[in-house]
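Below is one structure; the comments refer to it alone.
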Amino acid sequence: MYKVLFLIFFTSIACAQDFQIDSAMLNESAGGARAAAMGRAFTALANDATALHWNPAGLVDFNKNFGVISGMLNFGNLGLYPDTEFSLLPNYQGRYSGGFSLNYVGFTIPILDAPNTLVGSIVIRNLSDLNQSFTIVEQYGSSENRQKFSRTGGIYALSTGAGMLLLPNLRIGTTFNFITGQQVKEESHEDRFGASVTRDWRKWQNKFSGFSMDVGFIWNPIKPVAVGSKFTLPHAIHFSDIEFKNSENVSRRYDIDASLEKPFSFSSGIGLFLARNFLFSFDYVVRPWKGIITHIDGQKNDNLFENANSFHMGVEYTVETENYNMPWRFGFFTNPVQLYEYDSTVPDHLGDQVIAHFLTGGFGITTKHFLFDVAFDYQMLQYKTLLNGQSSPIPLPIDYHLSRFTVIFGLGFYL
């Protein structure tokens, strides 16, 4: 039976009726358009209304009654190219689609004035956007096999926190995150041979819950330089209301204890204020995902994922006019993912971890009453993997190319 190796896209997906925890929930969302356009290198800057996401210590530098709302849209293209010298190969077509989701909605509220400035914030933010769909079509002669895996939903947090000026050149802050959300995962398969068509599908759904805490600081050793770090303490994300359905009218609700425990992680960065209207930032993010522990109904697994440390850089140049300012932003960052390169010389061994590369950019308009930001990022993910098709007796090496675009927009206003 034709079966795509969906490890191409997701590790540890739901299989048959055995609930499993996959890696899609580790893909972190960008909190706001400005930082997204700067390659998400914002730990040492964090001086706008989205500071609670990047580093709560930065709230001190945004001492205003202010509201912000941000959303994002994903779309892209998937290409599958057989990497073999055999003739009479099937034709493979890949498709990718994303969706629209809430990114960030929040308010900043000054609490205390100088000398011990204290600024609070309350936010609903997207921690992990799960909206995406992959389809692979195999055509060989008069037969066509189509398999689709789709996911909708997301992991969100109701976050509240504050930043405080501890010393003239040192700010500290903390964030409390009440985690919630849900997801629906569906895998469908369709075989066509002439006029004959067979279909089957299976669907999982569940809700998320949990609690996490972030702490951060920003220090200015000299005026044009900022150094900052944000630390996310160990925490667990719990799964509940787990349900399974399929095309054979099997429906089951699981009363099991399932959770994913994330270890301590952190980001550190430097921001350079090279001129009044020109900024440069660099971040290094440590995500020790090898230390993740999953629990499923009493069974523990601590070796599912690979570390995903990444580096980020960005610049911002602001064109200033009498009535408004227009900042222009560009950036770049990497993100190791839970996928592995196939190596034909050692087919029985796990290959190198795949790294996705992102180019980012965007602009904004800032006036005395509101600001508007737009960001774009382009993800490039290319590697070799294996694919099993009905028309091939052995797995075929495939060059996998995913190009994904994300558009993030944000609107801010003074209260």
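The values are calculated or read from the model by the stated rules, or taken from the named source; none is laboratory data. What you see is a predicted model; the values in this text were computed from it and never measured. Here the Cβ is made from the backbone with ideal geometry for all residues, glycine too, and neighbour counts use every protein chain on show.
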Practice problem: Please give the number of the condition V225 fails out of (1) hydrophobic (A, V, I, L, M, F, W, C); (2) surrounded by 17 or more Cβ atoms within 10 Å (Cβ to Cβ); (3) closer than 28 Å to V119 by Cα. | Solution: (2)
Quiz item: Which of (1) buried (at least 20 other Cβ atoms within 10 Å of the Cβ); (2) under 27 Å from F208 (Cα atoms) is the odd one out, the single condition F107 does not satisfy?
Solution: (1)
Self-check item: Members of region 113-137 found to be surrounded by fewer than 23 Cβ atoms within 10 Å (Cβ to Cβ) and hydroxyl-bearing (S, T, Y), listed by number
Solution: T117, S128, S133, T135
Quiz prompt | Of all residues making up region 343-381, the number that are touching an Asp or Glu at 6+ places or on another chain (Cβ under 7 Å), modelled with pLDDT of 90 or more and farther than 30 Å from N325 by Cβ | solution = 2
Self-check item: Residue tally, condition at pLDDT below 95 and in a loop (DSSP other than H, G, I, E, B), over region 309-333
Solution: 4
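Could you tell me which of the residues I256, I242, I222, I237 is of a type in the set (A, V, I, L, M, F, W, C) and without any contact (Cβ under 8 Å) to a residue 40 or more places away in the chain?
Answer to the selection: I222.
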Practice problem: Give the residues of region 334-368 that are assigned to a loop (DSSP other than H, G, I, E, B) and not aliphatic (A, V, I, L, M), sorted by residue number. | Solution: E341, Y342, D343, S344, T345, P347, D348, H349, G351, D352, T367, K368
Quiz item: Is it the case that some residue within region 198-221 is in a strand (DSSP E or B), of a type in the set (V, I, T), under 30 Å from S142 (Cβ atoms) and touching an Asp or Glu at 6+ places or on another chain (Cβ under 7 Å)?
Solution: yes
Practice problem: Given the conditions (1) under 21 Å from D297 (Cα atoms); (2) touching a Gly at 6+ places or on another chain (Cβ under 8 Å); (3) not small (G, A, S), report the number of the one that I218 does not fulfil. | Solution: (1)
Quiz item: If you scan region 114-155, which residues turn out to be at pLDDT 90 or above, assigned to a loop (DSSP other than H, G, I, E, B) and not polar (S, T, N, Q)?
Solution: L130
Practice problem: Give region 279-303 a look and list any residue that's out of contact with any Leu (no Cβ under 9 Å at 6 or more places or on another chain) and hydrophobic (A, V, I, L, M, F, W, C), or say none. | Solution: V285, V286, I296
Exercise. State all residues of region 138-158 that are of a type in the set (A, V, I, L, M, F, W, C) and surrounded by fewer than 18 Cβ atoms within 10 Å (Cβ to Cβ); if no residue qualifies, say none.
Key: L158
Quiz item: Within region 276-319, restricting attention to residues that are small (G, A, S) and out of contact with any Pro (no Cβ under 7 Å at 6 or more places or on another chain), which residue is surrounded by the fewest Cβ atoms within 10 Å (Cβ to Cβ)?
Solution: G298
Practice problem: Any chance you could count how many residues in region 282-332 are hydroxyl-bearing (S, T, Y) and under 19 Å from the mean Cα position of the chain (by Cα)? | Solution: 2
Quiz item: What are the pairs, 6+ residues apart or on separate chains, where a residue within region 264-278 that is at pLDDT below 95 has its Cβ under 7 Å from a residue that is in a strand (DSSP E or B)?
Solution: F273/L279; L274/F280; N277/Y317; N277/T318; N277/E320
Quiz item: Among all residue pairs at least 6 apart or on different chains, which show Cβ distances below 6 Å where the first residue, located in region 108-119, is without any contact (Cβ under 8 Å) to a residue 12 or more places away in the chain and the second is outside any strand (DSSP E or B) and surrounded by 14 or more Cβ atoms within 10 Å (Cβ to Cβ)?
Solution: none
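Looking at region 97-113, which of the residues that are over 30 Å from Q183 (Cα atoms) and modelled with pLDDT of 90 or more is farthest from the chain's Cα centre (by Cα)?
Of the residues in region 97-113, the ones over 30 Å from Q183 (Cα atoms) are 109-113.
So of that shortlist, the ones also modelled with pLDDT of 90 or more come out as 109-112.
Values: I109: 28, P110: 30, I111: 32, L112: 34 Å.
The extreme case among them is L112.
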